[in-house]
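The values are calculated or read from the model by the stated rules, or taken from the named source; none is laboratory data. Values in this document were obtained by computation on a predicted structure and should not be read as measured data. A quick note on method: Cβ atoms are made from the backbone with ideal geometry, for glycine too, and the neighbour counts reach across all protein chains shown. Accessible surface areas use protein heavy atoms only, side chains included; no ligands, DNA or RNA. Shrake-Rupley method; radii C 1.70, N 1.55, O 1.52, S 1.80 Å.
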Amino acid sequence: MAAGDPRSQLPSERQAERDRMVDEQLAKRGITDARVLEAMRTVPRHLFVPEKFRQDAYRDGPLGIGCEQTISQPYMVGVMTQLLEVKPGDRVLEIGTGSGYQAAVLAQLCESVVSIERHAELTASARANLEAAGITNVELVTGDGTEGYPPGAPYDAIIVTAGAPAVPHTLKQQLVDGGRMICPVGSREEQRLVKMERRGPNLYYARSVSCVFVPLVGAEGWKP
Ligand code: SAM
């Protein structure tokens, strides 16, 4: 890591646990992108979970973060981040800030991240988490992410981290031509993680893997 790199400012406690998480839960299960592995070795996940779960922060599973929501399993964060193929100059939109952890990982790999959360309480705690981790290139917004965030559009990549009944049409329109989008799509109980690429007015479906997320609730999502 180069001197002056923003990542060199991140807290380094519990590095051995992060290394074990990356080696055992990610690298051994097919996460091969070296930049993604390095980002997840670097971001202090324990700063993104509530105090009562701090000890469990590097375990192989999701954890409660309040408002009946979760910080996703580390492996799922790795899968989604790898699929998104984020490049250093990219501007990324995330729907579903939750704890801010996914945004923090993306922020290591791109220029800037805008992340939207529908619960103001979670936006506030994510803001505190990002600040504690020393991450400065993430903008947080409270609102219905199914409507995207036009002031920052278009985005090079969009990641939806809650399960949707269908890919929100509005989000497609906020992608650059050639931009990528990842979205879990399916029923409330079970989804496929779908990767798409925008080419002109069309979205091309690249691939999908099965997954389980909390529901995306909003105008182009599930009803509350
Ligand atoms: N990415 C998060 C993290 O790193 O902690 C985990 C996301 S959690 C699985 C899904 C989040 O999506 C929840 O916080 C939920 O409130 C949020 N959400 C659901 N529907 C939403 C919507 N329409 N707009 C914005 N956020 C939404």
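Residue 135 meets the conditions (1) open to solvent by less than 20 Å² (accessible area, probe 1.4 Å); (2) within 10 Å of the ligand (Cβ to nearest atom) in every case but one. The failed one is (2). What tally of residues in segment 91-103 results from selecting those that are in contact with a helix residue (DSSP H, G or I) (Cβ under 6 Å, 6 or more places away or on another chain) and more than 8 Å from the ligand (Cβ to nearest atom)? Going through segment 91-103 one residue at a time, the tally reaches 1. Residues that are surrounded by 21 or more Cβ atoms within 10 Å (Cβ to Cβ), within 12 Å of the ligand (Cβ to nearest atom) and aliphatic (A, V, I, L, M) occur in segment 117-129; there is at least one. Candidates are the residues of segment 142-152 that are open to solvent by 40 Å² or more (accessible area, probe 1.4 Å) and in contact (Cβ under 8 Å) with a residue 12 or more places away in the chain; the one that is farthest from the chain's Cα centre (by Cα) is 150.
Residue 207 meets all of the listed conditions (1) open to solvent by 60 Å² or more (accessible area, probe 1.4 Å); (2) within 11 Å of the ligand (Cβ to nearest atom); (3) within 25 Å of residue 73 (Cβ to Cβ); (4) not hydrophobic (A, V, I, L, M, F, W, C) but one, namely (2). Residue check: residue 171 meets all listed conditions (1) open to solvent by 30 Å² or more (accessible area, probe 1.4 Å); (2) modelled with pLDDT of 95 or more; (3) within 16 Å of the ligand (Cβ to nearest atom); (4) over 30 Å from residue 14 (Cβ atoms) but one, namely (1). Scanning segment 174-204 for residues that are charged (D, E, K, R) and surrounded by 18 or more Cβ atoms within 10 Å (Cβ to Cβ) yields 180, 195, 198. If the condition is being assigned to a strand (DSSP E or B) and under 20 Å from residue 62 (Cβ atoms), then segment 83-115 contributes 94, 95, 115.
Going by the conditions given, is residue 39 within 15 Å of the ligand (Cβ to nearest atom) and in contact with a Phe, Trp or Tyr (Cβ under 8 Å, 6 or more places away or on another chain)? When the stated conditions are applied, residue 39 does not pass them.
Per-residue answers, yes or no, for (1) buried (at least 20 other Cβ atoms within 10 Å of the Cβ); (2) part of a loop (DSSP other than H, G, I, E, B):
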residue: 36; (1), (2): yes, no
residue: 40; (1), (2): yes, no
residue: 54; (1), (2): no, no
residue: 59; (1), (2): no, yes
residue: 81; (1), (2): yes, no
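Within segment 139-156, the set of residues being over 22 Å from residue 198 (Cα atoms) and out of contact with any Lys or Arg (no Cβ under 9 Å at 6 or more places or on another chain) comprises 139, 141.
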